[in-house]
Amino acid sequence: MNHTNDASTKASTTALDPITLSVVRGALETAQREMTLTLEKTARSSVFNLAHDYSNALFDHLPEMILQGQDIPIHLGSLMPAMKAVAGFYGDDIHEGDIIYHNDPVVMGSHILDCCMYKPVFYEGELVFWTVCKGHVTDIGGPVPAGYNPDAKEIYAEGLRIPPIKIWEKGVRRNDVINLIHSNMRSRRNQEGDLNAQYGACAVGERNMIALLDKYGVETVRAAIEELKNMADRHMRSLIESLNDGEYHGEAVLEDSGHGLGDLTITADITIKGSDVHIKIGSPPQVPYFINSYAGNSMSGVLLGLMMFAQVDPPYNEGLYRCVTVDLGEHGTLCNAKEPAPHVNCTTTPMETLTDAVRKALEDDAPERVTASWGH
């Protein structure tokens, strides 16, 4: 499997006209939309086919996100570190026909109800893309139906953790592993249908990406993807450069957090220098309640706060965040939890508070960009 940047370096020298760039961009967007439509039309649970609590994305071989769907915002930021963690876990042991499944927040997942499927896409024997589909499942086992256990003092009391694991291996479905997963869940029929829908979404994405490569070739497509990432980088840097250099502080209060914990304050200290932005998060020590957030989920909250402020034009890909560095604070805190902190409610609490802190800090320098908060 090729993890090197040689192909990307070669692709950057490929001449690319704006029409081809536009066509490739449209084909990528179509591939992602068809993944989303596949989920909507084939999923079994109401969480998927009515609530649409899922997200789809495309990654290149690096792996960097080349397109995020306009789906669930709190999913998409965490997909970037999660994809890197999953690819790093397997290293060179990734093969055509593999499907990897994962939900573990300790390995950069969001929360354990968000189960994610990763399909490597090979072309002429080389890993070129990943199609990725994350969805909130109906149940994840544990003592409480649907997974939200307010009495959990540890992550072990919340449900089934799934570290990166292959559920298809070289094209062969691992029925033993899938059965183990579904045997720990209450709504087996829904889980089976949704898992098949996720597989279908990833396969549809793969089919479209291979068709794109058949038409334009690997070098041209990679050159187009690199330009789209560069374009996103330029959009975000232009916005950051329009702000005044300096240090900005924002904070937001998580009110009445439950279990007698009282109010909890999350802070964001942001340094802007030229076209670069550094975001440092401060939060209280983690608590014995299900509102702790592990790093992958907290990264989503930070990037969501940034995007709510920036509101830059598409394309939306990993290039947007080249100019951004993030420090989530000390390990073992509310926004940088460590095992075995309970966490299942983290995708709303404390995420809405973390997002507000980031947005408020940035708005100090650009009050005309003030937006309402969300999810409280």
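Kindly provide the set of residues from the range 41-82 that are closer than 13 Å to TYR316 by Cβ, in contact with a Ser or Thr (Cβ under 8 Å, 6 or more places away or on another chain) and among the polar types (S, T, N, Q), ordered by number. Residues satisfying the conditions are ASN56, GLN68.
Screening THR355, THR325, THR371 for residues that are hydroxyl-bearing (Ser, Thr, Tyr), touching a residue at least 24 places away in the same chain (Cβ under 8 Å), open to solvent by 50 Å² or more (accessible area, probe 1.4 Å) and over 23 Å from LYS153 (Cβ atoms) leaves exactly one candidate, THR325.
Let's see how each residue does on (1) touching a Leu at 6+ places or on another chain (Cβ under 9 Å); (2) of a type in the set (Ser, Thr, Tyr):
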site	(1), (2)
VAL106	no, no
ILE112	yes, no
TYR118	no, yes
VAL121	yes, no
LEU127	no, no
VAL137	yes, no
TYR148	yes, yes
LYS153	no, no
VAL172	no, no
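Being in contact with a helix residue (DSSP H, G or I) (Cβ under 6 Å, 6 or more places away or on another chain) and open to solvent by less than 30 Å² (accessible area, probe 1.4 Å) is true of ALA310.
Screening HIS259 on (1) in a loop (DSSP other than H, G, I, E, B); (2) at negative phi; (3) not acidic (Asp, Glu) shows it passes everything except condition (2). If the condition is being open to solvent by 20 Å² or more (accessible area, probe 1.4 Å), more than 17 Å from ASP256 (Cβ to Cβ) and part of a loop (DSSP other than H, G, I, E, B), then the range 285-299 contributes only GLN286.
Working only within the range 216-246, note down all residues that are over 30 Å from ASP269 (Cβ atoms), part of a helix (DSSP H, G or I) and either open to solvent by less than 60 Å² (accessible area, probe 1.4 Å) or free of Cβ contacts under 8 Å to residues at least 24 places away in the same chain (or both). Steps first, please.
Initial filter on the range 216-246 (over 30 Å from ASP269 (Cβ atoms)): 216-228.
From what is left, the residues that are part of a helix (DSSP H, G or I) are 216, 218-228.
The answer is VAL218, THR220, VAL221, ARG222, ALA223, ALA224, ILE225, GLU226, GLU227, LEU228.
Here ALA232 does not fit the description of being touching a strand residue (DSSP E or B) at 6+ places or on another chain (Cβ under 8 Å), small (Gly, Ala, Ser), closer than 25 Å to ALA82 by Cα and modelled with pLDDT of 95 or more. Looking at (1) at pLDDT below 90; (2) open to solvent by less than 70 Å² (accessible area, probe 1.4 Å), which is the only condition GLU29 fails? The number of the failed condition is (1).
Against the definition (on the phi < 0 side of the Ramachandran plot and touching a strand residue (DSSP E or B) at 6+ places or on another chain (Cβ under 7 Å)), how does GLN198 come out, yes or no? Walk me through how you get there before you give the answer.
Values: on the phi < 0 side of the Ramachandran plot: yes; touching a strand residue (DSSP E or B) at 6+ places or on another chain (Cβ under 7 Å): yes.
Here the answer is yes, as GLN198 does meet what is asked.
If the condition is being open to solvent by 60 Å² or more (accessible area, probe 1.4 Å) and within 24 Å of the chain's Cα centre (by Cα), then the range 258-284 contributes ASP269, ASP276, HIS278, LYS280. Checking each residue in the range 122-147 for being surrounded by fewer than 24 Cβ atoms within 10 Å (Cβ to Cβ), within 21 Å of the chain's Cα centre (by Cα) and over 21 Å from ARG189 (Cβ atoms) picks out LEU127, VAL128. Checking the structure you have, find out if any residue of the range 261-273 is in contact with a Leu (Cβ under 7 Å, 6 or more places away or on another chain), without any contact (Cβ under 8 Å) to a residue 40 or more places away in the chain and of a type in the set (D, E, K, R). Yes, the conditions are met somewhere in the range 261-273. TYR118 meets all of the listed conditions (1) open to solvent by 10 Å² or more (accessible area, probe 1.4 Å); (2) not in a loop (DSSP other than H, G, I, E, B) but one, namely (1).
Within the range 89-115, if we keep just the residues that are assigned to a strand (DSSP E or B) and in contact with a Lys or Arg (Cβ under 6 Å, 6 or more places away or on another chain), the residue that is surrounded by the fewest Cβ atoms within 10 Å (Cβ to Cβ) turns out to be ILE99. Considering (1) of a type outside the set (A, V, I, L, M, F, W, C); (2) open to solvent by less than 10 Å² (accessible area, probe 1.4 Å); (3) part of a helix (DSSP H, G or I), the lone condition that GLY250 does not fulfil carries the number (3). Exactly one residue among GLU192, GLU206, GLU169, GLU255 is modelled with pLDDT under 95, open to solvent by 20 Å² or more (accessible area, probe 1.4 Å) and either over 30 Å from GLU29 (Cβ atoms) or not aromatic (Phe, Trp, Tyr) (or both), and that residue is GLU255.
Under the condition of being assigned to a loop (DSSP other than H, G, I, E, B), out of contact with any Leu (no Cβ under 7 Å at 6 or more places or on another chain) and surrounded by fewer than 24 Cβ atoms within 10 Å (Cβ to Cβ), the residues counted in the range 335-352 number 4.
The values are calculated or read from the model by the stated rules, or taken from the named source; none is laboratory data. This is a predicted model, so every value here is computed, not measured. Glycine also receives a Cβ, built like all others from the backbone with ideal geometry; neighbour counts cover every protein chain displayed. Please note that ligands, DNA and RNA were not included when accessible areas were found on the heavy atoms of the full protein model with its side chains. Shrake-Rupley method; radii C 1.70, N 1.55, O 1.52, S 1.80 Å.
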